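Asker: Sharing a structure, written as structure tokens. Questions coming.
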Amino acid sequence: MATDLVPSQVVPPSAEATPEAPRRKRRPRPVPLWRDLLRYRWLYLLLLPGLVYFIVFKYLPMYGLTIAFKDYVPFLGYSGSEWVGLKHFQELFTGPDFGRLMFNTLLLALLTIVFVFPAPIVVALMLNELRVRVLKRSVQSLIYIPHFLSWTIVASLTYLLFSVDFGVIANWIHGLVGGQKTDYVAQADWFRPLIVMQLLWKQTGWGTIIYLAALAGVDSQLYEAARVDGAGRWRQFWHITLPAIRPTIVVMAILTSGHLMDSGFEQIWLMTTSLNRDVADVFDTFVYYIGITQGSFSYATAVGLFKGVIGVVLIFGSNLLAKRLGQRGLF
């Protein structure tokens with residue numbers, strides 16, 4: 001009876017069972033570098049030739065840029081030549097040739113952006129619309145061929161076609177128009193159009209490879225759904241095709257911006273004559289003329305370094321602009 005009067009033991013709320021706190025996960029131990037190299041040894045082995053190439057031919061020669069700040073004498077070497085600071089850069093910016101070189105280089109760069117850069121995109125879009133596979137492959141093979149020809153051959157073909165004496169196209173135009181024959185190769189007014197036509201003929205076909213690869217990754221079901229919704233070819237092109245290759249276009253534009261100051265030495269040099277030299281001189285040919293023919297190695301290196309700095313600034317600037325416009329950018 002007494003046991004019934006004993007109050008039952010009350011468990012305080014603080015003593016109630018509570019779920020156990022989740023244990024902290026231990027961070028995995030970092031894999032040793034030698035084990036990572038051993039595991040992916042074949043991938044690193046494939047990376048090795050490209051890495052050696054860039055180190056030997058791209059990074060080690062950068063030590064030679066120091067002569068841009070010296071009066072370099074080959075017999076004294078890099079370390080023995082006198083340090084002159086920014087002397088050669090001052091000569092470049094205040095010299096009589098800087099304005100002409102900058103104008104010619106930038107104008108060729110502008111023509112390249114306006115005419116040459118969009119050409120592979122347009123051709124790739126046209127090839128993508130071809131439904132006959134045999135015709136598409138044949139056209140691709142034909143437009144790839146000029147890329148493998150050297151600029152010497154391209155310049156020789158240009159002389160054969162547009163020369164005033166025996167040019168096939170020049171004589172044909174003269175037969176249609178009449179009057180006095182025009183020497184398209186030698187005249188300064190025709191230098192830039194010929195350069196642009198050479199670039200279009202040589203590089204357009206090869207440039208379509210990247211854009212055709214991007215177009216190949218577009219899901220065909222998107223086009224089928226668009227056709228079901230009543231979208232025509234133009235709507236499909238505007239809302240499916242262009243957005244699919246827009247990231248590729250942005251990346252290629254950023255990469256191209258870094259080479260705007262590179263007009264191409266071999267092409268310009270082969271097309272330069274005594275009559276068109278005023279419009280043909282660019283930084284690339286000026287470096288060769290000053291550095292090789294006149295032996296001003298320090299001055300020529302300063303010009304090349306100036307070009308390189310401008311290229312780096314253009315790459316970073318275009319990448320920043322792409323991100324501001326909502327694109328991913330290059331880095």
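The values are calculated or read from the model by the stated rules, or taken from the named source; none is laboratory data. As the structure is a computational prediction, the values presented were derived from the model and not from experiment. Cβ atoms come from the backbone with ideal geometry, glycine included; neighbour counts cover every protein chain shown. For accessibility, only protein heavy atoms count, side chains too; no ligands or nucleic acids. Shrake-Rupley method; radii C 1.70, N 1.55, O 1.52, S 1.80 Å.
Asker: Looking at (1) in contact with a helix residue (DSSP H, G or I) (Cβ under 9 Å, 6 or more places away or on another chain); (2) under 30 Å from Leu200 (Cβ atoms), can you tell me which one Phe89 breaks?
Answerer: Checking Phe89 against (1) in contact with a helix residue (DSSP H, G or I) (Cβ under 9 Å, 6 or more places away or on another chain); (2) under 30 Å from Leu200 (Cβ atoms), the one that fails is (2).
Asker: Go through Val31, Val56 for me and flag whichever is part of a loop (DSSP other than H, G, I, E, B), of a type in the set (Val, Ile, Thr) and either open to solvent by less than 100 Å² (accessible area, probe 1.4 Å) or modelled with pLDDT under 90 (or both).
Answerer: Residue meeting the stated conditions: Val31.
Asker: Name the single residue that is farthest from Ser257 (Cα to Cα) among those in region 293-310 being of a type outside the set (Ser, Thr, Tyr) and touching a helix residue (DSSP H, G or I) at 6+ places or on another chain (Cβ under 8 Å).
Answerer: Within region 293-310, the match that is farthest from Ser257 (Cα to Cα) is Phe297.
Asker: Another question, if that's okay. Which of the residues that make up region 169-202 are of a type in the set (Val, Ile, Thr), in contact with a Leu (Cβ under 9 Å, 6 or more places away or on another chain), modelled with pLDDT under 90 and not in a loop (DSSP other than H, G, I, E, B)?
Answerer: Ile169
Asker: Additional query: Would you tally the residues in region 145-159 being touching a helix residue (DSSP H, G or I) at 6+ places or on another chain (Cβ under 8 Å) and surrounded by 14 or more Cβ atoms within 10 Å (Cβ to Cβ)?
Answerer: 6
Asker: Read through the list (1) surrounded by 15 or more Cβ atoms within 10 Å (Cβ to Cβ); (2) under 18 Å from Ile67 (Cα atoms), then give the number of the only condition that Thr293 fails.
Answerer: Condition not satisfied by Thr293: (1).
Asker: Any residue that is of a type in the set (A, V, I, L, M), open to solvent by less than 30 Å² (accessible area, probe 1.4 Å) and within 22 Å of the chain's Cα centre (by Cα) - is there at least one of those in region 230-246?
Answerer: yes
Asker: What number of residues within region 203-221 satisfy the criterion of being surrounded by 15 or more Cβ atoms within 10 Å (Cβ to Cβ) and part of a helix (DSSP H, G or I)?
Answerer: 11
Asker: When the residues of region 247-274 are filtered to those that are of a type in the set (A, V, I, L, M) and in a loop (DSSP other than H, G, I, E, B), which remaining residue is least open to solvent (accessible area, probe 1.4 Å)?
Answerer: Met261
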